[in-house]
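Okay, structure first, notes after.
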Amino acid sequence: MTRREPISEAVRRHRRARRSSLGFGTGVLLAGLVLATTAGAAAAGPGPRAQGQATISDPTAGHAYRHGAVPLRARATPTSEVPDIRSATATTTSTAPVRHAEAGTGRGGPVRFNGGAVITGSPKVYLVLWGSQWATPSGDPDGLASNLEGFFNGLGTDNELWSAILTQYCQGVASGTKTCPVSPLSNHVAYPSSTVLAGVWEDTSAPSPAAATATQIAQEAADAAERFSNPPEAQYVVVSPSGSDPDGWLDPRYGYCAYHDDTQDPSLAPVSGPDVPYTNMPYVPDVGAECSSFAVPGVLDGADETISHEYAETLTDPFPFSGWLGRGGEIADKCENLDGGSPGGSTYVTLSTGTFAMQGIWANDLGRRGGCETAHTPILTTNPGRQRGTDAVPVSLQVSAADVRGQALTYVGSGLPAGLTINATTGLISGTPTGRGRTATSIVVSDTSASATIAFTWTIRR
């Protein structure tokens, strides 16, 4: 159950009014919707970004602690021309397919393990609404708090497959490793087994600073960890209210949308309290389209793309530079340059709590070189590679696979050498070959709604 700190009646009234103005039904939150009235908008989301829209500069320049920083983008369309989902008829879209026919290439090659750790328990996120401004409608004019709550409450629901991308990454392997063995599955980033939103702290004891420093933001995250008794493997999202400028996020040259770090990063001034991973989340709707990769985004699309980016990287690199990273950055950095709606770029994903614009994430296991995608099979497998055997000599080969959602698997083989069979329940291939030759073997591993294929060759000699 989500633990929530008391909320003022003023905020309750504001949020009820906000949901009502958006046309939401009781208990249902929809965000990041495709506008039915937007000319030329495709059913799967808006098209490529308008020409002339570009990154302002590297938002991490001179700031070693800004890990996975999502850059602001130079606006090609004035904010006044960006449609407002609050005054339009909206429609939802379905989740992306398990694999794109063609995935975005992203930046660089595969990410590699850097010898540290990932978050392996069921993901836990604590939202920190920082400042007394949140107790007034002016602190949250676009309903960002409710949107973030809906996003984290919805992850892992409706069999969504975006979360499954992250499960291929693990700990307990050698530094420099690009792939993870299926077993033990407990070493992998976990698919959510319960609501990801573990708690919300509305810290309205004082106003958040108009221009908070990086150290003040980190201290707020450490304070939140202590307030929630510092549970293991949790991450904290410090959200500043509308109108504030945390750590210079609106800088005309080095502006950014968010970044993540840990509270004891030596690049920061000393922070008291535990060392925990956190995200600095400004009030992203304040900059309109500048945090979205879509040409015509909804008001909250940039926030959704940004928080999905930081959440994913915090799970796979919680104490930066000790998890998974490579040329082009961490697993979301490598895909942030793709246009929304393009292969591997941000797309609209439907969760039980609504529809959200979620960024594409790098997958090492996508093809031979890896790539960006927005959905992944929930079945992890290990290819055994080329197999060799001898005629009339018994064979035993265990297919290695696991379902990250905990479902039972079934195994079907084709192209097995004569005399060999596969156990449909356990995936054990056994028997005695009865002839020589080379075969193209394919094993299809399935759960109730998804499958994965393992292909390799098998040569039987005298």
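Structure data summary
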| item | result |
| --- | --- |
| Count of segment 421-454 residues which are under 21 Å from A375 (Cα atoms) and in a strand (DSSP E or B) | 7 |
| Conditions (1) touching a residue at least 24 places away in the same chain (Cβ under 8 Å); (2) farther than 24 Å from G156 by Cβ; number of the one not met by K334 | (2) |
| Filter result for the condition that a residue is more than 22 Å from T316 (Cα to Cα), among the acidic types (D, E) and in contact with a Ser or Thr (Cβ under 8 Å, 6 or more places away or on another chain), over D223, D251, D275, D247 | D247 |
| Residues (surrounded by fewer than 24 Cβ atoms within 10 Å (Cβ to Cβ) and not small (G, A, S)) located in segment 128-147 | Q133, T136, P137, P141, D142 |
| Selection count where residues are part of a loop (DSSP other than H, G, I, E, B) and surrounded by fewer than 16 Cβ atoms within 10 Å (Cβ to Cβ), scope segment 371-388 | 3 |
| Candidate set from segment 278-292 (those that are buried (at least 24 other Cβ atoms within 10 Å of the Cβ) and small (G, A, S)); member that is modelled with the highest pLDDT | S292 |
| Some residue of segment 91-106 being at pLDDT below 50 and outside any loop (DSSP other than H, G, I, E, B) | yes |
| Output for segment 174-189, where each listed residue is surrounded by fewer than 21 Cβ atoms within 10 Å (Cβ to Cβ) and either assigned to a loop (DSSP other than H, G, I, E, B) or among the acidic types (D, E) (or both) | A174, S175, G176, T177, K178, T179, P181, V182, S183, P184 |
| Among residues of segment 107-140, those that are in contact with a Ser or Thr (Cβ under 6 Å, 6 or more places away or on another chain), part of a strand (DSSP E or B) and more than 25 Å from G360 (Cβ to Cβ), counted | 1 |
| Test: residue in segment 389-398 that is charged (D, E, K, R), more than 28 Å from H188 (Cα to Cα) and surrounded by 15 or more Cβ atoms within 10 Å (Cβ to Cβ) | yes |
| Residue satisfying condition, being in a strand (DSSP E or B), more than 21 Å from G176 (Cβ to Cβ), assigned by TED's automatic domain parsing to the domain that holds A418 and in contact (Cβ under 8 Å) with a residue 12 or more places away in the chain, within set A392, A402 | A402 |
| Residues of segment 411-428 that turn out to be in contact (Cβ under 8 Å) with a residue 24 or more places away in the chain, crowded, with 16+ Cβ neighbours inside 10 Å and closer than 17 Å to A452 by Cα, as a count | 3 |
| Checklist (1) surrounded by fewer than 23 Cβ atoms within 10 Å (Cβ to Cβ); (2) without any contact (Cβ under 8 Å) to a residue 60 or more places away in the chain; (3) more than 27 Å from A117 (Cα to Cα) applied to R368, failing item | (3) |
| Test: A332 is crowded, with 24+ Cβ neighbours inside 10 Å and of a type in the set (A, V, I, L, M, F, W, C) | yes |
| Residue satisfying all of: in segment 141-161; touching a Leu at 6+ places or on another chain (Cβ under 8 Å) and assigned to a loop (DSSP other than H, G, I, E, B); nearest to P285 (Cα to Cα) among these | D142 |
| Residue in segment 229-239 that is assigned to a loop (DSSP other than H, G, I, E, B) and surrounded by 19 or more Cβ atoms within 10 Å (Cβ to Cβ) present | no |
| Checklist (1) closer than 17 Å to G68 by Cβ; (2) at pLDDT below 95 applied to R253, failing item | (1) |
| Subset of segment 344-370 [under 30 Å from T177 (Cα atoms) and assigned to a strand (DSSP E or B)] | T347, M358, I361, W362, A363 |
| Filtered residue count, segment 190-228, keeping only those that are in a loop (DSSP other than H, G, I, E, B) and within 22 Å of the chain's Cα centre (by Cα) | 7 |
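Residues are listed down the side, and each one gets a yes or a no for (1) outside any loop (DSSP other than H, G, I, E, B); (2) acidic (D, E); (3) in contact with a Ser or Thr (Cβ under 8 Å, 6 or more places away or on another chain); (4) touching a residue at least 60 places away in the same chain (Cβ under 8 Å):
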{"site": "A295", "(1), (2), (3), (4)": "no, no, yes, yes"}
{"site": "V299", "(1), (2), (3), (4)": "no, no, no, yes"}
{"site": "D304", "(1), (2), (3), (4)": "yes, yes, no, yes"}
{"site": "Y311", "(1), (2), (3), (4)": "yes, no, yes, yes"}
{"site": "P318", "(1), (2), (3), (4)": "no, no, no, yes"}
{"site": "S342", "(1), (2), (3), (4)": "no, no, no, yes"}
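The values are calculated or read from the model by the stated rules, or taken from the named source; none is laboratory data. Here the structure is a predicted model, which is why all the values come from computation and not from measurement. Backbone-built Cβ (ideal geometry, glycine too); neighbour counts: all protein chains shown.
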